[in-house]
Amino acid sequence: MTSPARRVALAIDALRHGWPIALEGGFTLLPAETGLARNARSRRLLISAARAVTLKLANQREAAVPEAPVLIRGADPFDLASARVLADPALDLANPLKGPFLAEHLDQPEAAAVAMELARLAGILPAFLVDPDDAGEAQIVAATDLAAWKDSAHLAIAARARLPIAASEEAQIVAFRSTDDLREHVALVIGDQRSDRAPLVRLHSECLTGDILGSLKCDCGPQLDAALEAMADEARGGGWGVLLYLRQEGRGIGLINKLRAYELQDQGFDTVDANNRLGLPTEARDFPVAARMLELLGVRSIRLMTNNPGKVDALRAAGVDVAERVPHQLPPNPHNARYLATKRDRTGHLL
């Protein structure tokens, strides 16, 4: 019998490959972005609440439930090409005339919400043909399976090694792996771990463009470097530090969707509105994973380097004793000034 967590893993894999999924007690869904069944047709399309707002559907009673996915019907059946036009905001300017669409009652809101979350985890646009013809064999998943897949108890230490780095030669890297999640998170412990002193801790979400390529659109790379230097200073003073490097690109929306958001930012949207036009949340990181990493490292109390009070609250809710919030602000540049202002004004960062 397939476990709940394994069903989720198989469903995520199916969506990435363009295969349909079937929600138990719900409906069969074919992803609009990756779907391979080119002859598939459906009278209905499932989209996110945020995307429904962009498509001017939120004034309809059935689409007015906050944060709830929306089921829409058009004058003609949807195929994958027409569904992709509705799902992808990058195509809005080339296809400005859409509709009219009617929002329909959603009988399985929980299953629909799970489908949106599975799309995010798969890194695809959150839009599906609903019960399409000629979709092919579907991977079955239950709405209750997602909690089992997300259970951080599955996370374990897989390997560790000494890793001298530019900021400090006294560093150790620790890798973490979960049975059904392909993402492998790591921690960098700088200095000698000690139980009588709370470490300086930074939760850093993976940012390929900022950490590796030196992007000026965000402050991720400089924040990473500055955090390592601060932990090295802490170690030289008899303390220690822990950097948690979380494989949650784009605050949890994935690399490809982050780059899509960049494209929308170039059209004038800020980072929050860009995510919403994609139908994706502004914040989708899994902080219980970070809490589990700290638990496995034997860390009970921390001094957290962050400008985000929400991160403090999320860690405390996950059982971490945050003894102190340590500000971690760096100067803006001409390319990221608006991004930082948006973090301050719209997502509550203390900048």
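All of the numbers you see were taken from the coordinates with simple rules; none came from a lab. These figures come from a predicted structure and were not determined experimentally. As a convention, Cβ positions derive from the backbone with ideal geometry for all residues, glycine included, and neighbour counts pool all protein chains shown.
Go ahead and estimate [θ] at 222 nm for the chain from helices alone: -39,500 (n - 2.57) per DSSP H run with n ≥ 4, summed, over the residue count, rounded to 500.
Details: 12 runs with 118 residues, N = 351.
About -10000 deg cm²/dmol.
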With θ taken as phi - 60° and the coefficients 6.51, -1.76 and 1.60, list the Karplus ³J(HN,Hα) couplings across the range 329-337 in order, rounded to whole Hz; mark glycine and proline as x. 9, 10, x, x, 10, x, 8, 10, 4
For M293, M231, order by how many other beta-carbon atoms lie within 10 Å, fewest first: M293, M231
The long-range amide H neighbours of A158, using H built 1.01 Å from N in the peptide plane and a cut-off of under 5 Å, are A175, F176, R177
Long-range HN-HN contacts of M305 with modeled amide H, under 5 Å: V201, R202, L203, V326
In nm, give the distance between the simple-model label positions of E67 and A323, each being 7 Å from the Cα along the Cα-to-Cβ direction. 3.4 nm
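Can you give the extra length, in nm with one decimal, that the chain gains between L36 and H154 once fully stretched, where that is 0.36 nm per residue apart less the Cα-Cα distance?
39.3 nm
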Work out from phi, with θ = phi - 60° and the Karplus expression 6.51 cos²θ - 1.76 cosθ + 1.60, the ³J(HN,Hα) of each residue of the range 177-182, listed in order in whole Hz, and give x for Gly and Pro. 9, 10, 5, 10, 10, 6
If I take all pairs of Cα atoms in the range 171-258, what percentage of them are more than 22 Å from each other? 33 percent
Amide H within-cut-off set for A127, under 5 Å, with H built and near neighbours excluded: A32, E33
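For the cross-link pairs K258/K311; K56/K311; K56/K217; K258/K343; K98/K343; K150/K343, which exceed 24 Å when the distance is taken from alpha carbon to alpha carbon? Before the final figure, lay out the partial values.
Details: K258/K311 20 Å; K56/K311 32 Å; K56/K217 30 Å; K258/K343 16 Å; K98/K343 32 Å; K150/K343 27 Å.
Flagged as over cut-off: K56/K311; K56/K217; K98/K343; K150/K343.
Restricting to Cα atoms and excluding each atom paired with itself, what does the Kirkwood estimate give for the range 4-148 in Å? Intermediate results must be reported in sequence, preceding the final value.
Working: mean 1/r = 0.0672 Å⁻¹.
After inverting the mean inverse Cα-Cα distance, the result is 14.9 Å.
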Convert each backbone phi in the range 48-56 into a coupling constant with the Karplus relation 6.51 cos²θ - 1.76 cosθ + 1.60 (shift: θ = phi - 60°), then list the ³J(HN,Hα) values in order as whole Hz, x for Gly and Pro. 7, 4, 5, 5, 5, 5, 4, 7, 6
Residues other than D225 with Cβ under 14 Å of its Cβ, Lys/Arg counted +1 and Asp/Glu -1, net out at -3
Roughly what % of Cα-Cα distances in the chain sit above 25 Å, to the whole percent? 56 percent
